[in-house]
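The values are calculated or read from the model by the stated rules, or taken from the named source; none is laboratory data. Note that the structure is a prediction, hence the values are computed from the model and not measured. In this analysis, Cβ positions are derived from the backbone assuming ideal geometry, glycine residues included, and neighbour counts consider all displayed protein chains. SASA here: full protein model, heavy atoms, side chains in, ligands and nucleic acids out. Shrake-Rupley method; radii C 1.70, N 1.55, O 1.52, S 1.80 Å.
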Amino acid sequence: MKYCSRCLLPSTKPDLNFDEDGVCSACKAFENRAEVDWTTRAKEFHSVMSRYAGTNAANWDCIIPVSGGKDSTYQVIKILELGYKPLCVTATTCDLSAIGRRNIENIKNLGVDYVEFSPNPIVRKKLNNIGLKTVGDISWPEHVGIFTIPVRAAVQYQVPLIIWGENSQNEYGGPAAAQDSPVLNRRWLEEFGGLLGLRVADLPDSFGISSRDLLPYTYPTDDELARVGVSGIFLGHYFPWDGITNYLISQAHGFESLGHPIEGSMVDYENVDNYQAGIHDYFKYLKFGFGRATDLASTHIRRGRLTRNEGLAIVKSRDGMYPSSYLKKPLSEILSHIGMEISEFNEICDQFTNREIFETNSKGVLVKDSSGRPLKRTSKNG
Ligand SMILES: [Zn+2]
């Protein structure tokens, strides 16, 4: 396991590459942004919009997928400022918190038309279970639904243009071709959209769920997409994108943060909507040896707001905390929502813990600290 010489991202991060100086592809992508002519990009944005917006006065100019988080709140503010009329679409989160609900209501009150789609909760709980046990992602249905549901809405409402937020492959690192792409399509979804090898099409046969139960998680057909001419772009390709800036702007427009750092993270203003997010981030830590604090600290190091050493100290204390609670809700309650006991959860954790990264004793049993967090094998970053 090696780490980027500039930020704190490790070589175990999927799709992250390093150059000969040991600098990761996320840092290189950020460096390349300095050369972007944002005035030209803004013009490009309006030229894309001119092909879609206002061509049909009886319809919305675009769809904005919104979770209620700081980034989607910012997207809505920006698109309204630019003078367009969006239809906002929420694919509801798996286990919505009260603050998450308030932030959704806040988006509506920015002055937009809004649709909320909630997949069948009984099927979803089964999918949470299957996702956790088979690919170590409790929020697998959410990670699929946030991409499929807005696209289904685009077909349904015949609004061809979808405006996504950031290209996560650009902000957090990924293959060069994906980083440069301003477009999110089916291929992007299948490659980077969080399916983790558990494809929706494989579920009915393996798990006895009907394919009609999976409609919300199914991407529209090529024919349907072609009929409406659905296309997706990333707002972060056309305008500078920074989580903290998005947060400040959103907060000034009514977005609520938690008021104290979230368990396992280093900030209080993101991932406040879903109680399962702590388990999701913890599994990332078990599989790849880094968590949300590493991602966040790295974006701040890149922007010169933290030194690498300052970031490292934060990461050591915050990353990979055993998710005994999230947003102050106890783990047992979070798990009971999907019909699981803590003992079973702990077994699944051990099953997904990467033995090349984490220490085992002479009997091959994982070595853990008093909180239940496994200890890393010694490496230069600890
Ligand atoms: Zn880096």
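Having 3 or more residues that are within 13 Å of the ligand (Cβ to nearest atom) is the bar; report the helices (runs of 4 or more DSSP H) wholly within the range 1-104 that clear it. Break it down into steps so the answer makes sense when it comes.
Numbers: elements: 25-33, 38-52, 70-81.
Correct list: 25-33.
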Note to self: Every residue in the range 20-32 that is open to solvent by less than 40 Å² (accessible area, probe 1.4 Å) and touching a helix residue (DSSP H, G or I) at 6+ places or on another chain (Cβ under 9 Å), please.
What the structure shows: Val23, Cys24, Ser25, Ala26, Cys27, Ala29
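Out of Gly69, Gly111, which single residue is on the phi > 0 side of the Ramachandran plot and not acidic (Asp, Glu)?
On the way: Gly69 fails: on the phi > 0 side of the Ramachandran plot.
Going through Gly69, Gly111 in turn, the sole match is Gly111.
For every residue, the table says whether it meets (1) in a helix (DSSP H, G or I); (2) modelled with pLDDT under 95.
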{"site": "Ser250", "(1), (2)": "yes, no"}
{"site": "Phe255", "(1), (2)": "no, no"}
{"site": "Ile262", "(1), (2)": "no, yes"}
{"site": "Glu270", "(1), (2)": "no, yes"}
{"site": "Ile279", "(1), (2)": "yes, no"}
{"site": "Thr299", "(1), (2)": "yes, yes"}
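Residue by residue, here is whether (1) part of a loop (DSSP other than H, G, I, E, B); (2) closer than 30 Å to Gly259 by Cβ holds:
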residue: Leu312; (1), (2): no, yes
residue: Val315; (1), (2): no, yes
residue: Gly320; (1), (2): yes, yes
residue: Ser343; (1), (2): no, no
residue: Cys349; (1), (2): no, yes
residue: Ser362; (1), (2): yes, no
residue: Thr378; (1), (2): yes, no
Checklist line | Condition met for Ile233 (open to solvent by less than 60 Å² (accessible area, probe 1.4 Å), in a strand (DSSP E or B) and under 30 Å from Tyr52 (Cβ atoms)) | finding: yes
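Yes or no: Asp113 away from the ligand (no atom under 16 Å from the Cβ), open to solvent by 60 Å² or more (accessible area, probe 1.4 Å), free of Cβ contacts under 8 Å to residues at least 12 places away in the same chain and over 20 Å from the mean Cα position of the chain (by Cα)? Before you say what the answer is, go through the steps one by one.
Details: away from the ligand (no atom under 16 Å from the Cβ): yes; open to solvent by 60 Å² or more (accessible area, probe 1.4 Å): yes; free of Cβ contacts under 8 Å to residues at least 12 places away in the same chain: no; over 20 Å from the mean Cα position of the chain (by Cα): yes.
Against the criterion (away from the ligand (no atom under 16 Å from the Cβ), open to solvent by 60 Å² or more (accessible area, probe 1.4 Å), free of Cβ contacts under 8 Å to residues at least 12 places away in the same chain and over 20 Å from the mean Cα position of the chain (by Cα)), Asp113 does not qualify.
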Next item on the list: Only residues that are within 16 Å of Glu31 (Cα to Cα) and among the aliphatic types (A, V, I, L, M): list them for the range 290-305, please.
Entry: Ile301
